[in-house]
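Enquirer: Dropping the structure in here first, questions after.
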Amino acid sequence: MDFQDAERKLKPRFLEEMATHYSFFDKRRDVFLNRFNKENVNKNSNVIAESLWDSEESVNQGQTFQDHLAKVCEVLACDGCPSVKPSGPGRLPKGKEPWKKAFKWLWEIKFPEWLQQQRPDGATALGMDWCRKFKALLDTKTEGFVGRKYVFDAIEDFLTNKPKGYFTIEGDPGMGKSTILAEYVRLYNCVAHFNEHLGNINRTSQFLESVCTQLIAKYHLPYSQLPEGANQNNAFLVQLLEEISEQLKPDERLVIVVDALDEVDQDSQDKDANILYLPRYLPKNVYFVMTRRRGVELQFVVDTPKHLFDLMAEEYADLSLQDIQTYIRQRVNERERLRQWINVSNLTVEDFITQLANKSENNFMYLRCVLGDIEDGIYKDSSIESLPQGLEQYYKDHWQRMGMTTDPPELTKLRIVYILSETPKPIPYDEIIGIIKYTGEQEAEVTVQYVLDKWKQFLHKSYLYEQTFYRLYHDSYRRFVNRKEIVEKAGIKIKEIKALMANSIWQDLLGDG
């Protein structure tokens, strides 16, 4: 993922060019370059002023800086930047200062536009795009990462002792498969593709485009565009692998990371071909490190070394338990509310770690959910013995606690959850409200916000162009809410949910006629 670093290096150049474009010179240029530098976003303006003009009196420094900053914001406002004007005397509320609105506009609107003009054409640009798509996932998954040394050791042993091949990690939902690959990419800067059903990245054509363009960019291959049909079969991918294999030194290897084979839309390719059209033969020093959910049938026939690493094998149970305990201990050390709950429950930290680790069944998704609920006070009147056992029981427990099994069911809440389950891509907050309003719900905003707050551990939240988007965080929860017995008991018809979403969009587009 070299492109993130390349983009980071372009940011100072962007500011310099913007300063020239808007004719900011002398002190005004200093103010613009430093106040709008992303590394200074949390610094006080007076502190920045002191570092710029240490020869001036401190009173003059701050006032001079503010005067020039106000002029900078005025100039940016003339170019379309949203302006913020005081409604009365005194300071604006924190976060509403004009420069902060300008800062957001500059980096979220102007920088991407400028970047489009700087980026290389064709295949290399596409490779950069794919890397950006995965950046948020990598950052989220690797935050607070612990352990898994035994998995990384097994990967290294395979890469060292086999001339080429496929290494596949298999396990149940929530076992941390994607997180392991994200950390591996962070450590070794591999070409990587993360399939995500809920992120609408699950088609074979996307995989081929993603990997081929990343390979072209990373290895500086002489292709300005992908050949026609390159994302329809593996011929071009095989060609690239051969070319890169020939240029690798004896001690070098190409590792391609591919996450969640089980989430690939198998209707997006020939049924008789390998999943994702993975090559049957690999050239020397070329390896794929992949993950898949246990129990899913996938077409995968190869004539090259391969190894299936069972994350849930008995031989790794103790090592996995140690990682789980380390994760809990790290979280307890960081969070005061967890320590308070432990004290109120008359537990020692070690007792809490031991008992919760056993209840987790070595599932990191379970810990993410339960620890979050404890911190939020959901289990304030519960003992550790009464906490759910395992991820499946946690899902059922949460479903019941949220009132989804009442008779009659809370239909609006159910609709919101199933809208999130059925949306093919992240959905804007305002669009969820619009769909619920279409049903005639009078308190749509209140109900939507309630559900989003109560289901936050299952949701991925993102921001783009001053809009908030939501989608389910993990496909295992989508499978849970879409299980036949859950759907039937809730009294929901998935077809009706999809029709509701479609009708609401048409109503928004066409109005009342």
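Enquirer: Per residue, how large is the accessible surface of the chain? Use a 1.4 angstrom probe and give square angstrom. It would help to have the intermediate numbers written out before the result.
Expert: Details: 26150 Å² over 513 residues.
Computed with neighbouring chains in place, this is 51 Å² per residue.
Enquirer: Something else: Using just the Cα positions, wrap the stretch 159-215 in a convex hull and report its mean projected area in square nanometres, one decimal place.
Expert: Numbers: hull surface 20.5 nm².
Here the figure is 5.1 nm², rounded to one decimal.
Enquirer: Something else: Could the peptides 354-361, 178-185 be put in order, highest first, of the mean number of other beta-carbon atoms found within 10 Å of their residues? It would help to have the intermediate numbers written out before the result.
Expert: Details: 354-361: 19.4, 178-185: 23.2.
My ranking of the peptides, most packed first, is 178-185, 354-361.
Enquirer: Sorting check: for 65-71, 297-303, which peptide has the highest mean count of neighbouring beta carbons within 10 Å, and how do the rest follow?
Expert: Details: 65-71: 17.1, 297-303: 12.4.
Ranked from most to least packed, the peptides come out as 65-71, 297-303.
Enquirer: Here is a follow-up. How large is the Rg to Rh ratio of the stretch 106-215 when both quantities use alpha carbon positions and Rh follows Kirkwood?
Expert: Details: Rg = 16.2 Å, Rh = 16.0 Å.
The Rg/Rh ratio comes out at 1.01.
Enquirer: Which whole-number value in Å³ per residue fits the convex hull of the alpha carbons of the stretch 216-272? Don't jump to the answer; show the numbers that get you there.
Expert: Working: hull volume 7.2 nm³, N = 57.
Expressed per residue, the convex hull around the Cα atoms of the stretch 216-272 is 126 Å³.
Enquirer: Determine the dipole magnitude for the chain: charges of +1 sit on the beta-carbon of Lys and Arg, -1 on that of Asp and Glu, nothing else is charged, the reference point is the Cα centre, and the result goes in debye to the nearest 20. Provide the component values of the computation, followed by the final result.
Expert: Values: 67 positive and 78 negative charges, 141 e Å.
With Lys and Arg at +1 and Asp and Glu at -1, about 680 debye.
Enquirer: Assuming a viscosity of 1.306 mPa s and a temperature of 10 °C, what translational diffusion coefficient in µm² per second does Stokes-Einstein assign to the chain, Rh being the Kirkwood radius over Cα pairs?
Expert: Working: Rh = 26.4 Å.
It comes out at roughly 60 µm²/s.
Enquirer: May I pose another question? Mind ordering 375-386, 230-241, 393-404 by average Cβ neighbours within 10 Å, highest first?
Expert: Details: 375-386: 13.0, 230-241: 18.8, 393-404: 17.1.
The peptides rank, most packed first, as 230-241, 393-404, 375-386.
Enquirer: Right, next: Is it possible to state the helix-based mean residue ellipticity at 222 nm for the chain, with each DSSP H run of 4+ residues giving -39500 (n - 2.57), the sum divided by total residues, to the nearest 500 deg cm²/dmol? What is it? Intermediate values should be presented prior to the final figure.
Expert: Values: 22 runs with 275 residues, N = 513.
About -17000 deg cm²/dmol.
Enquirer: Which percent of the accessible area of the chain is formed by carbon and sulfur heavy atoms (probe 1.4 angstrom)?
Expert: Details: 12280 of 26150 Å².
Looking at the chain in its full context, I get 47 percent from C and S.
Enquirer: What number, in percent, do you get for the relative contact order of the chain if the mean sequence gap of Cα pairs under 8 Å and at least 6 apart is divided by its residue count? All intermediate terms of the calculation are to be shown ahead of the outcome.
Expert: Values: 603 pairs, mean separation 66.0, N = 513.
The normalised contact order for the chain reaches 13 percent.
The values are calculated or read from the model by the stated rules, or taken from the named source; none is laboratory data. Treat the numbers as computed from the prediction; the structure is a model and nothing was measured. So basically every Cβ, Gly included, is an ideal-geometry build from the backbone, and we count neighbours across all protein chains shown. Accessible surface is based on the protein model in full, side chains and every heavy atom, while ligands, DNA and RNA are left aside. Shrake-Rupley method; radii C 1.70, N 1.55, O 1.52, S 1.80 Å.
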